[in-house]
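The values are calculated or read from the model by the stated rules, or taken from the named source; none is laboratory data. These numbers come from a predicted model, not from an experiment. FYI the Cβ positions are ideal-geometry reconstructions off the backbone, even for glycines, and counts take in every protein chain you see.
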Amino acid sequence: MILIIACINFMNLATARSEKRAKEVGIRKSLGSTRSKLVSQFLGESIFITFFAFIIAVLLTELTLPSYNTLVDKELSIDYTSSIFWMSAVGIILVLGIIAGSYPAFYLSSFRPVQTLKGTIKVGKGATTPRKVLVILQFGFSIVLIISTVIIFQQIDLVKTRDLGYEQKNLIAIAQPNDLREN
C-alpha cells in the first residue's frame, strides 16, 4: 500500500509539472516524434527514477540494518548473491516504473504541438478529474494504513496487559527428564 501511495504521488507530481514539459512535447512532436516514442521516453524516465530509488533504498537498508538487528535482537540479512533477489528486484523496478509513469506518459504525449507551442493549451485542465481520483485513492490508502496501525497497536497492547488467569510471580518450573515422561 505504501508503494501504491508513492506511485500515486509520483503520478500527481509528474502531471502537475506537465506545464514545464508541454513545450518539450510540442517541439518533439513538431520535429516528427510519434506518440509511442514519447510514451516510451516518459516510461523510461520513470523506470530510471524507480531504479535510482531502489539503489537509495538498498543503501539505506544496508546502513540501518545493523541498528535494526540490534533493536529486535535478530540477525536479518539480504542475500545479494541470490538470483531470486535480483529477479524480484528487476521485476519490482519495472512494474513500479511502468505503473507510476503510465498516466503521466499518456497524458503528456497527448498534447497537441500547435497548441503547446502557441501557449494556448490549458495544462492540467484535462488532468483534473483523474488527479482528483488519484488523490482520493491516496488518502483512502493512507486512512486504511493508519486505522490498521491503530488496531494492531491496540491488539499488541491487549496481549501485553491481558489477565492471564494465573499469577506469574512465584511459579516454579521443573524440567522433566525423559524417564518421567515414559513412566
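Points to keep in mind about this one:
- Flag if PRO113 is in contact with a helix residue (DSSP H, G or I) (Cβ under 6 Å, 6 or more places away or on another chain) and either over 26 Å from VAL133 (Cα atoms) or loosely packed, with under 14 Cβ neighbours inside 10 Å (or both): yes
- Test for ILE55: is it assigned to a helix (DSSP H, G or I), surrounded by 12 or more Cβ atoms within 10 Å (Cβ to Cβ), of a type in the set (A, V, I, L, M) and modelled with pLDDT of 90 or more: no
- Qualifying residue in segment 56-68 (condition: in contact with a helix residue (DSSP H, G or I) (Cβ under 8 Å, 6 or more places away or on another chain) and of a type in the set (Gly, Ala, Ser)): no
- Taking the listed residues ILE84, ILE93, the one that is touching a Phe, Trp or Tyr at 6+ places or on another chain (Cβ under 9 Å), modelled with pLDDT of 90 or more and part of a helix (DSSP H, G or I) is ILE93, with no other qualifying.
- Tabulated pairs, segment 6-17, first over 16 Å from ILE136 (Cβ atoms), second surrounded by 14 or more Cβ atoms within 10 Å (Cβ to Cβ) and aromatic (Phe, Trp, Tyr), C-beta under 9 angstrom, 6+ apart or interchain: ALA14/PHE42; ALA14/TYR103; ALA14/TYR107
- Some residue of segment 143-154 being at pLDDT 85 or above, in contact with a helix residue (DSSP H, G or I) (Cβ under 9 Å, 6 or more places away or on another chain) and either surrounded by 10 or more Cβ atoms within 10 Å (Cβ to Cβ) or under 30 Å from GLN115 (Cα atoms) (or both): yes
- In segment 62-80, the residues that are closer than 27 Å to VAL90 by Cβ and among the hydrophobic types (A, V, I, L, M, F, W, C) reach residues that are exposed (fewer than 11 other Cβ atoms within 10 Å of the Cβ) and modelled with pLDDT under 90 with C-beta atoms within less than 7 angstrom, at least six apart or across chains, in these pairs: LEU65/LEU76.
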